[in-house]
Amino acid sequence: TLQGHDGFVKGVDFSADGELIASASNDKTVKLWNRQGKLLRTLKEHSDPVYSVSFSPDSQIIASASQDRTVKLWSREGKFLRTLAGDKGHTDAINRVSFSPDGQLIASASNDKTVKLWNQDGTLITTLTGPSKLSSVSFSPDGKRIVAGAARGFMVIWSRNDISWQQFEPKEGVGDKKIVVGHTKTVYDVSFHPNRDIIASASADGTVKLWNPNGLLIGTLSEGSEPVESVNFSPDGKTLVSINSANRVSIWNLDYSQFNDVNSLLKRGCDQIGNYLNNNPNLNEGDRKLCEGIEEQD
């Protein structure tokens, strides 16, 4: 047990090398611990509760997100580096912060209904707009997709395809944005599978759902009536772990054969209507891409 915060702990992250733990708290601080549980340093630059903390993939940079509408960057040793904010920064509390797989970009999700992408030097790259307050954000393993969980049961998937995020626009040939409705209450957490095209979402409606990148539902894992606040795949992708508001931890051993059956059915259906989707002049571009990304997986 790590004891030291004077308020609720809102987020925890391990460094990739397993040597450090960072914790974010309502007491307006981030604390750094070694894996033996010794407190190394307390980081105090935020002026309001800190909701999220994340290590860069190389374990050298720490990002923290706060109700004070800023993201702050710190060195591995706890030295304050800079604040990500400014005229084009967030206008409401930031609920989650996440690094891209290559560590070059930082995504922040806010109650102002946006995800903002930043360089480590503090430059704002782009702003992605959601349908409601955004509670979580995650990059796909290849860095080409971003998914965010939102209030009112929404989930948003942005795909940059073969362009950079700086060039991203949600329109044909440039980028893609999908708003997914499947949960009935706020989506608190989202997570990409490490090596399959599967997204997991955790919601206040008491369920964990699994989706393909097109936003098609491929499975529902029922937790009960308590809100599910966290979800994450194991590094090998064989197990999914979820935590609800009653501190119940559920471990799901995933049988991907059942998902493959669903994908096979979807693929056969898409093969049959492919000509219709491509050639019907009455369809919009979003409808034409209904079957993109649907393929059988091993």
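Every number in this text was worked out from the coordinates using simple rules, so none of it is lab data. The structure displayed is predicted, hence computed values, not measured ones. Positions of Cβ are backbone-derived with ideal geometry, glycine not excepted, and every protein chain shown enters the neighbour counts.
Just to confirm the number: angle between the C-alpha axis of helix 256-279 and the first principal axis of the chain, 0 to 90 degrees, nearest 10? For 256-279 against the chain, the angle is about 60 degrees.
Sorting F139, F80 by the number of Cβ atoms found within 10 Å of their own Cβ, with the fewest placed first, yields F80, F139. For the options E19, E45, E226, a Gaussian network treatment of the chain with springs between C-alpha atoms closer than 10 Å singles out E19 as fluctuating the most. In terms of surrounding Cβ atoms within a 10 Å radius of their Cβ, D162, D102 rank from fewest to most as D162, D102. Distant-in-sequence amide contacts of T186, defined by a placed amide H-H separation under 5 Å and a gap of 5 or more residues or a different chain, comprise R152, G153, A204.
Using R₀ = 22 Å, calculate the FRET efficiency as 1/(1 + (r/R₀)^6) where r is the Cβ-Cβ separation of Q167 and K88; round to 0.05. The value I calculate is 0.80. Straight-line reach from K133: taking Cα to Cα under 19 Å and skipping same-chain neighbours fewer than 8 places apart, the lysines in range are K10, K88, K113, K116, K177, K178, K185.
Full extension of the chain segment joining K79 with Q60 gains 5.7 nm, where the gain is 0.36 nm per residue of separation less the Cα-Cα distance.
Across every pair of non-identical alpha carbons in region 1-138, the mean reciprocal distance, once inverted, gives a Kirkwood radius of 14.6 Å. Within the shell of other residues whose beta carbon sits under 13 angstrom from the beta carbon of H46, the net charge comes to +2, with Lys and Arg scored +1 and Asp and Glu -1. Overall shape: oblate for region 102-182, with the ratio a/c of the largest to smallest alpha carbon gyration tensor axis at 1.5 or above and b/c at least equal to a/b. What FRET efficiency do you get for T239 and V181 if R0 is 22 Å and r is their Cβ-Cβ distance, rounded to the nearest 0.05? Calculated transfer efficiency: 0.20. Net charge of the neighbourhood of P235, taken over other residues with C-beta under 15 Å away and scored Lys/Arg +1, Asp/Glu -1, is -1. Rank L73, L216, L105 by mean-square fluctuation in a GNM of the chain with C-alpha springs under 10 angstrom and give only the top-ranked residue. Looking only at L73, L216, L105, the largest GNM fluctuation is found for L216.
When the chain is treated as a GNM with alpha-carbon contacts under 10 Å, the residue of V181, V231, V190 showing the greatest mean-square fluctuation is V181. Dividing the C-alpha radius of gyration of the chain by 2.2 N^0.38 Å, with N its residue count, gives 1.01.
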